[in-house]
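First the structure, which I've put down as C-alpha cells, then a few questions once you've had a look.
The values are calculated or read from the model by the stated rules, or taken from the named source; none is laboratory data. Model, not experiment: these values are computed from the prediction. Positions of Cβ are backbone-derived with ideal geometry, glycine not excepted, and every protein chain shown enters the neighbour counts. Quick note on the areas: whole protein, heavy atoms, side chains included, nothing else; ligands and nucleic acids left out. Shrake-Rupley method; radii C 1.70, N 1.55, O 1.52, S 1.80 Å.
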Amino acid sequence: MAVLIDGKELAKKIRMELKDEVTELRAKEINPKLAVIMVGDDKASKVYVKNKSKACEEIGIEYEEFLMDSNTTMQELLDLIENLNNREDIHGILLQSPIPKNLDINQAFNKIDFRKDVDGFHPINVGKLSIGEDCFISCTPFGVTKMLEEYNIDVQGKNVVIIGRSNIVGKPLIQCMLKKNGTVTVCHSKTQNIKEITKNADILIAALGKAKFVTADMVKEGAVIIDVGINRNDDGKLVGDVDFENVKEKASYITPVPGGVGPMTIAMLMTNVVKAAKNLNK
Ligand code: NAP
C-alpha cells in the first residue's frame, strides 16, 4: 500500500513559510503584488482565479483582478499587459486561460515582461529552463518537482515516464526531471504500446486529462505515481488520470486527486510572485 503524498498539507506548509517571508519583505517596504487578467466568462477559470486570490490574501500578497469581456480585441489585451508591465507596484502578471478563441494567447504570453511572468510561459523563461538557468518555472511542473523533493524521492538514474506533452505541464516537466538526472520518456496521444513503456517507470507522471487512464496493470510494483489530471466523472466528482484505488495497492508513493498536485500548483504560483517581487527590488 502506497504512501500518500499529501499535496494539501505540503502546500499549506509552503504558504505559511511564504507568509513569514512576505511579512519580512513588507517591513522593508516591498509589497509583493499579483495582477490577474481574465478575458471572457469561463466558469472553471472563475473558480481557479478565486482560489488564487484567496491564497494571496492568506499570505499577504496584494492582488488586483482585471476582468475583460469576451469582445475584447487583441490590441486592448496587449495594451493592458503593457500597462501592467510598466507598473512598479505589480510584480507578477498572470493571464488566466482559456481566453476567447479569436485572441492569440501565445502573443499575449509573449507580451508579458518575462521578469513578471510568474506562470513561466514566456519563451525566455521556457528557454532558460531548458538551458538550466534561473527562471520562473511553470507552476504545476514546479509543484511536482517540489513534492518529490519534500518526500525525498530521488530522481537521479530513475526511469521517469511522463504521459502528456503540453507546453504548460508535460514539456516543462521533461526539463525538471532531466535536471534531476532522471532518464525521461514522454508519451502522448500517438504513442504506441503505452503500457509497455509505463510498466518500466520508476516514477510515472500522468498529465493527459483522461479519467482513470492509468490502471494497475500499467504500473510497476513499487513505482512512484504522480497524478496531475483533473477530470470530472459522471457524478460530477473530481478524479485524476490514475485509477487511484487499484494503483495505490501497487505503488510506493501516490498523489491523490483532489488534494495532490492541485494545491501545489497554487503554492508554487505564490512562490513565484514572492520571487518576482524580490528580483525586481534587487
Ligand atoms: P492538454 O494540453 O490537453 O495536453 C494533454 C496531453 O496528453 C497531450 O500532450 C496529449 O497528446 C496527451 N494525451 C491525450 N490523450 C492521450 C492518450 N490517450 N494517451 C497518451 N497521451 C494522451 O492538457 P494539460 O493542460 O497538459 O493538462 C493535462 C491534465 O492536467 C488535465 O486534466 C488538466 O486539467 C490537468 N491540469 C492540472 C493542473 C493542476 O494544478 N493539478 C494544472 C494544469 C493541468 P498530444 O500532444 O499528442 O495531443
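Residue check, residue 108 against (1) in contact with a strand residue (DSSP E or B) (Cβ under 9 Å, 6 or more places away or on another chain); (2) surrounded by fewer than 14 Cβ atoms within 10 Å (Cβ to Cβ), all met but one. Which one?
The failed condition is (2).
Would you pick out the residues in the stretch 259-282 that are near the ligand (Cβ under 9 Å from one of its atoms) and open to solvent by 20 Å² or more (accessible area, probe 1.4 Å)?
Those that are near the ligand (Cβ under 9 Å from one of its atoms) and open to solvent by 20 Å² or more (accessible area, probe 1.4 Å): 262, 263, 265, 266.
Identify the residue in the stretch 207-224 that is out of contact with any helix residue (DSSP H, G or I) (no Cβ under 9 Å at 6 or more places or on another chain), within 15 Å of the ligand (Cβ to nearest atom) and small (Gly, Ala, Ser) and, among all such residues, is farthest from residue 173 (Cα to Cα).
Going through the qualifying residues, I end up with 211.
Identify all residues within the stretch 232-252 that are touching a Gly at 6+ places or on another chain (Cβ under 9 Å) and either in a helix (DSSP H, G or I) or in contact (Cβ under 8 Å) with a residue 24 or more places away in the chain (or both); write none if there are none.
Correct list: 239, 240, 241, 242, 250, 251, 252.
Name every residue in the stretch 208-231 that is touching a Phe, Trp or Tyr at 6+ places or on another chain (Cβ under 9 Å) and either buried (at least 24 other Cβ atoms within 10 Å of the Cβ) or part of a helix (DSSP H, G or I) (or both), in order of residue number.
223, 224, 225, 226, 227, 229
Sticking with this structure for a sec: Just the residues that are within 9 Å of the ligand (Cβ to nearest atom) and over 21 Å from residue 3 (Cβ atoms), please, taken from the stretch 142-179.
Those that are within 9 Å of the ligand (Cβ to nearest atom) and over 21 Å from residue 3 (Cβ atoms): 163, 164, 165, 166, 167, 168, 169, 170, 171.
A further question follows. What's the number of the condition residue 42 fails, among (1) within 20 Å of the chain's Cα centre (by Cα); (2) surrounded by 18 or more Cβ atoms within 10 Å (Cβ to Cβ)?
(2)
So, one more: Of the conditions (1) within 23 Å of residue 123 (Cα to Cα); (2) open to solvent by 20 Å² or more (accessible area, probe 1.4 Å); (3) within 15 Å of the ligand (Cβ to nearest atom), residue 238 satisfies every one except a single condition; which number is it?
Every listed condition holds for residue 238 apart from (1).
Still on this model: Which condition number does residue 202 fail, the rest of (1) in contact (Cβ under 8 Å) with a residue 24 or more places away in the chain; (2) within 18 Å of the chain's Cα centre (by Cα) being met?
The single condition residue 202 does not satisfy is (2).
For the stretch 45-62, name all the residues that are open to solvent by 60 Å² or more (accessible area, probe 1.4 Å), without any contact (Cβ under 8 Å) to a residue 40 or more places away in the chain and not hydrophobic (A, V, I, L, M, F, W, C).
46, 50, 54, 57, 62
Does residue 121 meet the test of being within 23 Å of residue 81 (Cβ to Cβ) and buried (at least 23 other Cβ atoms within 10 Å of the Cβ)?
Yes.
Let me ask something else about it. Considering 173, 178, which residue is open to solvent by 40 Å² or more (accessible area, probe 1.4 Å) and within 14 Å of residue 132 (Cα to Cα)?
Step by step, each of 173, 178 is checked, and only 178 is open to solvent by 40 Å² or more (accessible area, probe 1.4 Å) and within 14 Å of residue 132 (Cα to Cα).
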